[in-house]
Amino acid sequence: MRDKYRVIGPAYDFLSQLYSGRNIHRCKTAMLDMTTIRPGARVLFAGAGHGRDAIRAAELGAEVTVVDLSATMLRKFDDARRQEAPHLTIHTVHSDIMAIDTPGRYDMVVANFFLNVFDEPMMERVLGHLIDLARAGGQVVVGDFCYPTGNPLARLFKKAYWYAAVFTFWLFANNAFHQIYNYPEHMQRMGLTIRDRKHFKLLNMDCYWSILGQKPA
């Protein structure tokens, strides 16, 4: 299968920093700490991204698995791991996330800036699959662009900001072009209890959020 991130993947980190400062990085690691990850916990990351979130989980003692369909993104992740944390062991899988058939295996499943590559029906299918991969009582984390709220000017800015990003990845990676998803609503409708939300600002407006959901025990 063609690697959609062959062109834009090498610039992923640069674009993330340029577009958000360090806010995307902060969003990706927001729910990863000693209160959410215990040593030995099994944590799955859907999508490699810049990889610092997976490295953070491994530093906390988790058994980390990273799944990505893009060989380019997996190579970039492995380069970051060798440079920043060569002592850590992180399992990488070159695969479509929908082909991962280990329901109930993981204590935490993380989808940071991953679900936004899909149109809404497929996003719901993928989110449902990620929830299935978490054990009973396990956690599901989604980090992404915030659903636009606030006054009309703030909502207009957030939508324009989002569409600039989604257009870029539509153009260079053939990702789906769509509106901003209200992830907490989808997560709750699929049976998760929202345990925490953290927001991250740009120009004093909430532009990113990390949502921690929990499956019923």
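The values are calculated or read from the model by the stated rules, or taken from the named source; none is laboratory data. The structure presented is a predicted model; accordingly, all values stated were derived computationally and were not measured. Heads up, the Cβs are rebuilt from the backbone with ideal geometry, glycines too, and the neighbour counts pull from every protein chain shown.
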(request) Select from the stretch 84-130 the residues that are surrounded by fewer than 14 Cβ atoms within 10 Å (Cβ to Cβ), of a type in the set (Ser, Thr, Tyr), over 13 Å from residue 48 (Cα atoms) and in contact with a Leu (Cβ under 7 Å, 6 or more places away or on another chain) and list them in ascending order. (result) 102
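I need a count of the residues in the stretch 9-28 that are surrounded by fewer than 18 Cβ atoms within 10 Å (Cβ to Cβ) and not acidic (Asp, Glu).
So the count comes out to 11.
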(request) Determine, yes or no, whether residue 163 is among the hydroxyl-bearing types (Ser, Thr, Tyr), free of Cβ contacts under 8 Å to residues at least 60 places away in the same chain and either crowded, with 21+ Cβ neighbours inside 10 Å or more than 19 Å from residue 189 (Cα to Cα) (or both). (result) yes
(request) Restricting attention to the stretch 171-185, report how many residues are of a type outside the set (Phe, Trp, Tyr) and part of a loop (DSSP other than H, G, I, E, B). (result) 7
(request) Determine, yes or no, whether residue 56 is farther than 27 Å from residue 169 by Cα, out of contact with any Gly (no Cβ under 7 Å at 6 or more places or on another chain) and basic (Lys, Arg). (result) no
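In this structure, is residue 136 at pLDDT 95 or above, small (Gly, Ala, Ser) and more than 19 Å from residue 4 (Cα to Cα)?
Yes: the conditions hold for residue 136.
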(request) Return a yes/no flag: does the stretch 143-164 have any residue that is in a strand (DSSP E or B) and touching a Ser or Thr at 6+ places or on another chain (Cβ under 6 Å). (result) yes
(message) All but one of (1) under 28 Å from residue 201 (Cβ atoms); (2) hydrophobic (A, V, I, L, M, F, W, C); (3) without any contact (Cβ under 8 Å) to a residue 60 or more places away in the chain hold for residue 88; state the number of the condition that does not hold.
(response) (1)
(message) Checking residue 56 against (1) under 13 Å from the mean Cα position of the chain (by Cα); (2) modelled with pLDDT of 95 or more; (3) under 27 Å from residue 205 (Cα atoms): exactly one of these is not met. Which one?
(response) (1)
